[in-house]
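Reading through the structure tokens given below for one structure.
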Amino acid sequence: MSDFFYTDDLLTEDEIMFRNIVRDFVDDEVIPIIESHFQNATYPTHLTKQLADLGVFGIKVPEQYGGSGAGYVMYGLAMQELERGDSAIRSFASVQSSLVMYPIWRYGSDTQKEKYLKKLAEAEFIGCFGLTEPDFGSNPAGMITTATKSSNGFLLNGAKMWITNGTVADVAVVWAKLDGEIHGFIVEKGIPGFSAPEMKGKHSLRASVTSELIFQDCEIPEENILNVSGLKGPLSCLTQARYGIAWGAVGAALAVYQSSVDYAKTRIQFDKPIGAFQLVQEKLVYMFTEISKAQLVNIRLGRLMEEGKASPQHVSFAKRNNVEMALNCARLAREIHGANGILGEYPIMRHAANLESVKTYEGTHDIHTLILGHYITGLPAYQ
Ligand code: TGC
Ligand code: FAD
């Protein structure tokens, strides 16, 4: 695996050991089967329990709640390896860990923590995170899903869209306005008034389940509210997940880069390996350079997160840079592979198609540009 600046020297023995376990798992269990799941638009359900047994859910959640209590770099390395297999697998782990376990751990009552966290860590429960609505994506502050007080708890009304794992989730963390203010609610599968139909026809993240969440006078108990209010509730979860994506994107880039190097050395045209042509080398050097830079950003960001020194803007920087870098690498890899680049036999188009979603979700590339522009100038340019 490419590591030009010896970033492994910046890792602990435990981090390297864990990364290698996840790496072997992806090589043995994910890569051989993922293309057919992508083609058939199915999620490889049998991997879920294996991922839980590896300990990739709730890596940072304390052991008493079924997590590993490990650091951010360990979490990042796992996300990198999972996305080297496929963005759908990393997405599953991101949602379970950062968007469902994290808010319950950070904003949940002791009862909620006891009830959900261990089961989520063990994949006895699958979770999803409902923020985006049909008419409110980049601007979640405008959401129209409401919670109103009822005699037994809260009535939810509204709809969420583009929700990873919605249809298969046992537990949904849903954001809705109560008296005009955003709050988080835990909604369990099967509760009357709640349905989660799957969205079909995606050309990207085909091995991931994506769903609508529909609430029609869905009554949830009073004790299912999370203890946070305002947009900072969901945005703080997104900071965790965006961090994982920054590492995951490097995994996808490594997959298309390695395939390109192998291909360039073995594909003969004009009596030479195509890797002997300057134009092909230029493409490989771009990938190699950008991957190496992104690896350095990730390790530094991970340590800043562990020291409590990272800001959401650091995370936006890494998500924005690394996902675009990976998408650029996938497009160059497609060129290097010629016609073979469009075949499922090579991992190129699958990663390229997936990365189109990754560039959009968890804050589009342009939204992260605006976050950084706001940071630099002090002038918000969102509206
Ligand atoms: P703004 O006024 O800037 O902030 C409101 C409050 O939130 C605080 N805050 C944050 N807190 C923690 N982490 C962050 N990243 C934060 N960003 C802001 C902020 O300090 C403020 O707090 P307070 O106490 O003053 O109230 O909010 P705004 O309405 O101007 O929004 C700014 C904007 C556009 C950047 C924000 O709305 C945004 O990030 N939009 C993008 C939406 C998004 O990323 N959606 C993702 C949906 S989930 C998803 O895609 C999952 S994909 C899963 C998978 O399959 O992997
Ligand atoms: P819009 O917000 O409509 O944006 C359209 C375009 O306009 C973009 O290019 C955007 O950058 C641009 N734009 C918007 N506002 C501005 C502005 N102020 N200035 C300049 N340009 C702007 N959401 C969840 O809540 N949970 C999930 O689990 C989840 N999973 C997802 C899985 C997949 C496969 C996908 C594709 C999406 C998922 N999402 C999820 C939704 C995702 O977060 C949103 O798609 C994303 O936030 C963008 O919202 P939008 O698609 O409505 O685009």
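The values are calculated or read from the model by the stated rules, or taken from the named source; none is laboratory data. Keep in mind the model is a prediction, meaning the values are calculated, not measured. With ideal geometry, Cβ positions are generated from the backbone for all residues, glycine too; neighbour counts draw on all protein chains shown. Accessible surface is based on the protein model in full, side chains and every heavy atom, while ligands, DNA and RNA are left aside. Shrake-Rupley method; radii C 1.70, N 1.55, O 1.52, S 1.80 Å.
Below is a table of values for the structure above.
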{"item": "Accessible carbon and sulfur surface of segment 233-377 relative to its total accessible area, %, 1.4 Å", "result": "58 percent"}
{"item": "Size descriptor, Kirkwood hydrodynamic radius, that averages inverse alpha-carbon separations across segment 233-377, Å", "result": "16.0 Å"}
{"item": "Net charge of neighbours whose Cβ lies under 15 Å from the Cβ of V358, counting Lys and Arg as +1 and Asp and Glu as -1", "result": "+4"}
{"item": "Beta bridge orientation in the chain: antiparallel %, DSSP, nearest 5", "result": "85 percent"}
{"item": "Ordering of 252-265, 269-282 by burial proxy (mean other Cβ atoms within 10 Å per residue, highest first)", "result": "252-265, 269-282"}
{"item": "Under-5 Å amide H pairs with C218, H placed in peptide plane, nonlocal only", "result": "L156"}
{"item": "Surface accessible to a 1.4 Å probe, per residue, for the residues of segment 249-349, Å²", "result": "48 Å²"}
{"item": "Estimated inter-spin distance, Y382 and N157, nm [label 7 Å along Cα→Cβ]", "result": "2.6 nm"}
{"item": "Accessible area expressed per residue, segment 7-121, with surrounding protein chains retained (probe 1.4 Å, Å²)", "result": "38 Å²"}
{"item": "All-pairs Cα distance distribution in segment 120-165, expressed in whole percent, bin size 5 Å", "result": "5, 19, 19, 17, 17, 16, 6"}
{"item": "Mean shadow area of the chain over all directions, Cα convex hull, nm²", "result": "19.1 nm²"}
{"item": "Helix axis angle, 72-85 relative to the chain longest principal axis, alpha carbon, degrees", "result": "60 degrees"}
{"item": "Sequence ranges 208-219, 14-25, ranked by mean other-Cβ count within 10 angstrom, highest first", "result": "208-219, 14-25"}
{"item": "Net charge over other residues, Cβ less than 9 angstrom from the Cβ of P273 (K, R count +1; D, E count -1)", "result": "+3"}
{"item": "Estimated Rh, segment 127-229: Kirkwood, alpha-carbon pairs, angstrom", "result": "13.6 Å"}
{"item": "Selection of chymotrypsin sites (Phe, Trp or Tyr not before Pro), segment 290-383, meeting DSSP coil and at most 13 other Cβ within 10 Å", "result": "Y382"}
{"item": "Rounded D (µm²/s) - segment 311-383, Kirkwood Rh over Cα pairs, Stokes-Einstein at 10 °C, 1.306 mPa s", "result": "118 µm²/s"}
{"item": "Relative contact order (%) - the chain, alpha-carbon pairs under 8 angstrom, separation at least six", "result": "18 percent"}
{"item": "Solvent exposure ordering (accessible area, 1.4 Å, most first) of Y116, Y43", "result": "Y43, Y116"}
{"item": "Length gained when the stretch E219-I21 is fully extended (0.36 nm per residue, less Cα-Cα span)", "result": "67.0 nm"}
{"item": "Nearest-ten-degree value, helix 365-377 long axis tilted from longest Cα axis of the chain", "result": "80 degrees"}
{"item": "Principal-axis tilt of helix 232-266 within the chain, Cα atoms, nearest 10 degrees", "result": "20 degrees"}
{"item": "Between segment 240-274 and segment 170-190, the alpha-carbon center distance in angstrom", "result": "40 Å"}
{"item": "Packing rank of 333-339, 6-12, 241-247, 226-232, where each peptide gets the mean count of other beta carbons within 10 Å, highest leading", "result": "241-247, 333-339, 226-232, 6-12"}
{"item": "Cα-Cα over 23 Å, subset of K232/K309; K60/K177; K113/K319; K49/K319", "result": "K60/K177; K113/K319; K49/K319"}
{"item": "Antiparallel content of DSSP bridges confined to segment 66-176, in %, to 5", "result": "55 percent"}
{"item": "Equivalent ellipsoid dimensions for segment 7-121 as semi-axes, Å, which come from the Cα gyration tensor, largest first", "result": "24, 19, 10"}
{"item": "Cα-based reach from K272 at 19 Å (exclusive), listing aspartates and glutamates while leaving out same-chain residues under 8 positions away", "result": "D262, E282, E335"}
